[in-house]
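K.L.:
Sharing a structure with you now.
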Amino acid sequence: MTGTRRALIVANDTYDHASLGQLRAPAADAEALADVLGDPEVGGFTVTVVHNEPSHEVQGRIEDVFADSRPDDLLLLHFSGHGIKSDSGELFVAARNTRPDRLGSTAVSADFIQRCMKTSRARSIVLFLDCCYGGAFGEGVAVRAAGPVNVMDSFPASRLGGGRGRAVISASSAIEYAFEGTELAADQTAKPSVFTSAVVEGLRTGEADRDEDGLVSLDELYDYVFDRVRAENPKQTPGRDVEMAGDLFIARSRRRRLRPAPIPEAVAAALKEANPTFRRGAVSELRDRLLHDDPAAALGALEALQEVVRTDTKSVADDAAAAIASARMTLEPSAIDFAADASEPQVVMVEVRGPALVRELTVTTDPPLSAQVDEDGRVSVSLAKVAERFVGQVNLTSPLRSVVLPVTAAAASRETDAAAVAPPPEEALVERRLAPATPPAEAQPEAAVPVEIPPAPTREHGTVRSDVAGVLSRRARRLMAALSALGGLLIFASFTAPWVWSDPLGAIVPGQTVGLAVVAVTAIVAGIATVVDQPRGLVAAGLVLGVGLVAGTSLLTPLGIISEFRMSEVHEGLWLAVIGEALLVLASVVALASVMRSGEASGAWPGLGDRIRLAVLALVLVGAVTLMVYAAWLMQQPGGPWGPIMMLWAVTWLVAGAVAVSTRPTKLARAFLIGWALAALGQPMSDLSFLTIKGEPSQGMPIVVIALLCLLVLATILDRGVKGPRRHYEGSELRSG
């Protein structure tokens, strides 16, 4: 931003002539806009406000601004008040002394403003017109003008001198009204208009910086204001007419998006080498770049390390995770305790320590806390005087990790309770790491830090040792194990009891016991897994989720049988199966709740490697299409709802495939795929048995069985989708996996 930045704000809300209605918004418009434009960290303008002045004073100020300018200056003129159209169609902006029957001598004509813009030496001129042009409008809003007029016709681009850029932005189009705000109660203060409040909010918060490059351009500001105004009042459409060479930047923004710098070509090439020694060397180089003073270079290294963690072999992935964990983020102080007897808002400066990347912060707070980040990465936390004891937190998030800063304050009117305002224990300072690993002992920094980061899982002799509870709590494990085991046993018990009349399931629907038996066995295996899968429980959770999805679909079979018979003919065997499968669905709900609460599961990135992901999708699609063809054949057969039920099975296939390929971490996705494919095997096996007994063609059921077996192989044998054979070093021995 070069040259002088000057802004003139003209606001008129009081008029001498009785026919011009008094307005409430212009004064608030002027105050809010002057504040944000004059802020050196935002607009950086030298602001002059002209409030309720006569027309000759307004004209003099406008002429001064445009006449006393240089080529590199940026001039901004904002008008808030009435707009009036003369009988000849000329637009005037009203001043305090304006008379509608003497517009030429008592109002400021658009032609006068246009001449000032044309003769100005400044090459960058912006005009904001917050006024409307015609008609009365709904209850709670004020009319600012009479008679429709097109504001853009009064400031045509072709009438400006050559080489001069200018922009005119108006609050509404030619046939609409500019809203002044909703009706105010007697004890409320006036608020800015819909249009001006959108301008102020977009500049103040930086939300108008759509590309997050640290600067708000005129185009970005208009787009933001247009969206905000239309969202608040669909009957109002801001207009613009811009003739500007290049981008014109109105303000600065703290919403600068950090873009990663590419890693060196030599490092990128080393990461593609088949020999893991080269890849580990590249990881070491990326560790150094992660601690670089240039945040862009550090972010590029971070993204490369995260990709290694996701896709590489165990030893290389562990090195990458350790490199990420070595970039620590600490706060000084690590907790804030505000004084109890302060009569003014209190402010505490928090130092954020760590590499440059952790100081690229965004901050959120619990009201009434507020926090701001300065250019050096320091955070100023402020709290107004509170009437009651306050406990809250400040969340500081960088591209690398997030940290929670606890904040406490005692009530101003009470004695400070030392126990109540004491800083929380160290375990309360939770840091959310990006990778589940910890650096080697020789790479860990000194322990004298204000915020302790809990140790991440480490690997020893092929097993995982962790100091965290994982995704399953003890209570969840017990409940899932009990529900899964009991559900499986009830399904087995249903085979021995009559389903309809005095007949068991095998007599009513031959071959269907195979499917329920497979679901029951898989459910018992999943229940056992919840006990033995220590400590994180990812495999157990995935198995239970897969079995639960199949159980929910299998419930359609007994429900279909019920639909064919009267309730008096249904016996305890069918109800045992329904209860058993419902318990399996309930176990999957517990597993899903535990996974979501732990925060370890994510669908933001593919959970399986590229080759496995494509193979899974292909197999799922083949099975689903086969089931759809089978469902179409069943619909043509007489009796029963089995065609629609089979169509729902096909939809379940598609859902399972989508979940498997989009869930992270990979271990959870693979376990889900195993549990679902194993339990789902029962359905095509049952139907194949039924068709064979009836002497019918197989209807593609062997294809479905083969597809499920292939899915089991992919999920059980292949690991992480790494190209070629998977090898890693453990000690001095090279092992293949």
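K.L.:
Here are some residues: Val509, Val578. Which one is within 21 Å of Gly643 (Cα to Cα) and either at pLDDT below 70 or not assigned by TED's automatic domain parsing to the domain that holds Lys667 (or both)?
P.N.:
Just one listed residue meets the conditions, Val509.
K.L.:
Which one is modelled with the lowest pLDDT among residues in the stretch 369-395 that are in contact with a helix residue (DSSP H, G or I) (Cβ under 9 Å, 6 or more places away or on another chain) and outside any loop (DSSP other than H, G, I, E, B)? Even if it seems obvious, please write down each step before you answer.
P.N.:
Here is the first cut: in the stretch 369-395, the ones in contact with a helix residue (DSSP H, G or I) (Cβ under 9 Å, 6 or more places away or on another chain) are 373, 376-378, 389, 391.
Right, trim to outside any loop (DSSP other than H, G, I, E, B) and you get 373, 391.
Details: Val373: 80, Val391: 86.
Restricting to residues being in contact with a helix residue (DSSP H, G or I) (Cβ under 9 Å, 6 or more places away or on another chain) and outside any loop (DSSP other than H, G, I, E, B), the top hit is Val373.
K.L.:
Could you please find all residues in the stretch 225-239 being crowded, with 16+ Cβ neighbours inside 10 Å and touching a residue at least 40 places away in the same chain (Cβ under 8 Å)?
P.N.:
Matches in the stretch 225-239: Val225, Val229, Asn233, Gln236, Thr237, Pro238, Gly239.
K.L.:
Would you check if Glu53 is in a loop (DSSP other than H, G, I, E, B) and modelled with pLDDT of 90 or more?
P.N.:
Answer is yes for this residue.
K.L.:
Residues Val65, Val50, Val42: which one is under 48 Å from the mean Cα position of the chain (by Cα), touching a residue at least 40 places away in the same chain (Cβ under 8 Å), under 29 Å from Arg204 (Cβ atoms) and surrounded by fewer than 20 Cβ atoms within 10 Å (Cβ to Cβ)?
P.N.:
Testing whether each residue is under 48 Å from the mean Cα position of the chain (by Cα), touching a residue at least 40 places away in the same chain (Cβ under 8 Å), under 29 Å from Arg204 (Cβ atoms) and surrounded by fewer than 20 Cβ atoms within 10 Å (Cβ to Cβ) leaves just Val50.
K.L.:
Need the failing condition index for Met567 against (1) more than 12 Å from Gly487 (Cβ to Cβ); (2) modelled with pLDDT of 85 or more; (3) of a type outside the set (Asp, Glu), just the number.
P.N.:
Here Met567 clears every test but (2).
K.L.:
A follow-up question, please. Is it the case that some residue within the stretch 669-678 is over 18 Å from Thr522 (Cβ atoms), part of a helix (DSSP H, G or I) and in the same structural domain as Ser484 (by TED's automatic domain parsing)?
P.N.:
We begin by selecting, within the stretch 669-678, every residue over 18 Å from Thr522 (Cβ atoms); these are none.
No; the residues of the stretch 669-678 include none that is over 18 Å from Thr522 (Cβ atoms), part of a helix (DSSP H, G or I) and in the same structural domain as Ser484 (by TED's automatic domain parsing).
K.L.:
For the stretch 98-108, which positions are assigned to a loop (DSSP other than H, G, I, E, B) and surrounded by fewer than 20 Cβ atoms within 10 Å (Cβ to Cβ)?
P.N.:
Arg99, Pro100, Asp101, Arg102
K.L.:
Could you list, ordered by first residue, the pairs with Cβ atoms under 7 Å in which the first is in the stretch 98-113 and in the same structural domain as Ala18 (by TED's automatic domain parsing) and the second is loosely packed, with under 14 Cβ neighbours inside 10 Å and of a type in the set (Gly, Ala, Ser), at least 6 apart or interchain?
P.N.:
Within 7 Å, the pairs are Pro100/Ser19.
K.L.:
When you go through Asp72, Asp101, Asp87 one by one, which is the residue that is over 22 Å from Pro26 (Cβ atoms), under 45 Å from the mean Cα position of the chain (by Cα) and at pLDDT below 90?
P.N.:
Only one candidate qualifies: Asp72.
K.L.:
Just one of Val358, Val381, Val347 is more than 30 Å from Lys272 (Cα to Cα), of a type outside the set (S, T, N, Q) and surrounded by 15 or more Cβ atoms within 10 Å (Cβ to Cβ); which is it?
P.N.:
Exactly one residue qualifies, and that residue is Val381.
K.L.:
Looking only at the stretch 535-552, how many residues end up being surrounded by fewer than 24 Cβ atoms within 10 Å (Cβ to Cβ), within 19 Å of Leu516 (Cβ to Cβ) and over 29 Å from the mean Cα position of the chain (by Cα)?
P.N.:
1
K.L.:
In the stretch 216-234, what count of residues is obtained for those that are touching a Phe, Trp or Tyr at 6+ places or on another chain (Cβ under 7 Å) and modelled with pLDDT under 85?
P.N.:
Count: 1.
K.L.:
Which members of the stretch 633-668 meet the condition of being under 30 Å from Gln306 (Cα atoms) and part of a helix (DSSP H, G or I)?
P.N.:
Matches in the stretch 633-668: Leu654, Val655, Ala656, Gly657, Ala658, Val659, Ala660, Val661, Ser662, Thr666, Lys667, Leu668.
The values are calculated or read from the model by the stated rules, or taken from the named source; none is laboratory data. Nothing here was measured: the structure is a model prediction, and the numbers come from that model. Glycine gets a Cβ as well: all are built from the backbone with ideal geometry, and neighbour counts include every protein chain shown.
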